[in-house]
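The values are calculated or read from the model by the stated rules, or taken from the named source; none is laboratory data. All values derive from a computational prediction rather than experimental measurement. For neighbour counting, all protein chains shown are included, and Cβ atoms are generated from backbone atoms with ideal geometry for every residue, glycine included.
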Amino acid sequence: MDRYTTLRSFVLVAESGSFAAAALKEGVTPVVMGRRLDALERHLGVKLMHRSTRGLSLTDLGEQYLERARGLLREFDEVDASIGEHRTAVRGHLVVSAPAAFGRRHVGPHAPAFQARFPDVQLSFNFTDSVVDLVRHGYDMGIRIGEVTDPNYVALKLFPNRRVVCGSPGYFAVHGTPRTLEALTQHNCLAFNLQGGQQRGWTFLRDGRQVAIRVAGNLDCNDGELLFDWVKQGLGIGWRSTWEIQAALKRGELITVLDEYALPAYDIQAVYPQQRYLPAKVRFFIDHLKAIYNAPGYWETG
């Protein structure tokens with residue numbers, strides 16, 4: 001029995017809460033993960049985990065063993081990482097989560113270049129606007145836009161970003177330009193619907209304090225790309241990220257207003273679970289994206 005693989009599989013299953021999520025991270029089937037746990041329990045002669053149709057739960061001994069197993073794995077991985085600093089070969093299965101539109105435009109397209117450098121890395125992506133639990137669902141890292149407050153995650157800024165109010169020159173020529181935050185209530189504001197998370201309003205910084213302005217419009221949806229397209233068509237104004245609108249600003253298709261009230265930091269960040277070392281596959285992919293995002297003119301060509 002490969003003790004390292006078995007220990008790692010047990011920890012992944014315990015942290016993910018399911019064989020399926022753990023298997024995705026390992027690149028094997030759920031059946032294989034189940035067999036590994038069976039082998040570990042037979043070796044130890046104790047029950048580590050209860051399994052039922054309602055899910056998985058650790059026994060008391062399983063809880064104790066989990067903490068010890070995590071410590072052993074950290075020691076193994078830190079030894080490997082110390083050696084890995086001196087080599088350029090990277091391998092393994094890297095599972096990444098990112099917001100839907102951002103992932104399609106600015107994460108997935110850069111995978112081929114990364115694999116050309118590191119052909120032994122298998123990449124899996126999940127692009128969704130839902131905020132996923134990286135550990136529970138078996139992700140190595142995620143891309144988040146905005147503040148990350150969860151103390152269980154490490155967040156590294158990839159590129160600065162802000163949220164700004166924008167619209168087409170044609171829209172403002174017809175409807176006027178808002179000069180105050182309160183004036184937004186007199187405009188057709190195209191926002192995410194309740195499922196998209198903007199039900200509390202658009203957020204700004206005024207006099208050092210965050211304020212939320214409740215807006216309304218005749219169009220809403222839960223797809224950011226469609227909202228962005230409507231704004232460019234002049235159907236209303238939007239509250240969009242600067243990463244998304246730079247190219248349209250340069251072409252003159254959009255202009256921004258109320259910039260003095262924009263939140264100072266709504267950055268694009270790489271996020272991974274808190275741990276004592278950064279796996280090489282994660283570190284190199286973060287470096288890969290950061291170099292691309294910080295190349296002169298990158299955001300103006302999208």
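Residues are listed down the side, and each one gets a yes or a no for (1) in contact (Cβ under 8 Å) with a residue 12 or more places away in the chain; (2) farther than 15 Å from Pro169 by Cα; (3) among the charged types (D, E, K, R):
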position: Gln233; (1), (2), (3): yes, no, no
position: Gly238; (1), (2), (3): yes, no, no
position: Ser241; (1), (2), (3): yes, yes, no
position: Ile245; (1), (2), (3): yes, no, no
position: Arg251; (1), (2), (3): no, no, yes
position: Tyr261; (1), (2), (3): yes, yes, no
position: Ile292; (1), (2), (3): yes, yes, no
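Number of residues in region 144-173 that are more than 12 Å from Pro273 (Cα to Cα), touching a residue at least 60 places away in the same chain (Cβ under 8 Å) and not in a loop (DSSP other than H, G, I, E, B) equals 14. Within the set Val13, Val46, Val31, the sole residue that is out of contact with any Pro (no Cβ under 9 Å at 6 or more places or on another chain) and under 19 Å from Phe76 (Cα atoms) turns out to be Val13. Answer yes or no as to whether Ile245 is outside the structural domain of Thr203 (by TED's automatic domain parsing), β-branched (Val, Ile, Thr) and in a helix (DSSP H, G or I). No, not satisfied.
Across region 124-143, the qualifying residues are those that are under 18 Å from Tyr293 (Cβ atoms) and without any contact (Cβ under 8 Å) to a residue 60 or more places away in the chain, and the one among them that is farthest from the chain's Cα centre (by Cα) is Phe125.
Screening Tyr266 on (1) among the hydroxyl-bearing types (Ser, Thr, Tyr); (2) more than 21 Å from the chain's Cα centre (by Cα); (3) buried (at least 19 other Cβ atoms within 10 Å of the Cβ) shows it passes everything except condition (2). With the structure loaded, tell me whether Leu289 is surrounded by 15 or more Cβ atoms within 10 Å (Cβ to Cβ), in the same structural domain as His106 (by TED's automatic domain parsing) and assigned to a helix (DSSP H, G or I) or whether it fails that test. Yes; evaluated as a whole, the condition is true for this residue.
Screening region 107-141 for residues that are part of a loop (DSSP other than H, G, I, E, B), surrounded by fewer than 17 Cβ atoms within 10 Å (Cβ to Cβ) and not small (Gly, Ala, Ser) and picking the one that is modelled with the lowest pLDDT gives Arg136. Taken together, Val231, Val257 contain a single residue that is in contact with a Cys (Cβ under 8 Å, 6 or more places away or on another chain) and crowded, with 20+ Cβ neighbours inside 10 Å, which is Val231.
Only one of the numbered conditions (1) modelled with pLDDT of 95 or more; (2) among the small types (Gly, Ala, Ser); (3) closer than 22 Å to Asp140 by Cα is violated by Ala280, and that is (1). When residues in region 40-57 are screened for being part of a loop (DSSP other than H, G, I, E, B), closer than 16 Å to Phe19 by Cβ and either small (Gly, Ala, Ser) or outside the structural domain of Pro30 (by TED's automatic domain parsing) (or both), 0 of them pass.
Among the residues of this structure, Asp2 counts as one that is of a type in the set (Asp, Glu), within 25 Å of Lys281 (Cβ to Cβ) and loosely packed, with under 13 Cβ neighbours inside 10 Å. When region 254-273 is examined, which residues are found to be farther than 25 Å from Lys232 by Cβ and touching a helix residue (DSSP H, G or I) at 6+ places or on another chain (Cβ under 8 Å)? Once the filter is applied, which keeps residues that are farther than 25 Å from Lys232 by Cβ and touching a helix residue (DSSP H, G or I) at 6+ places or on another chain (Cβ under 8 Å), region 254-273 yields Ala270, Tyr272.
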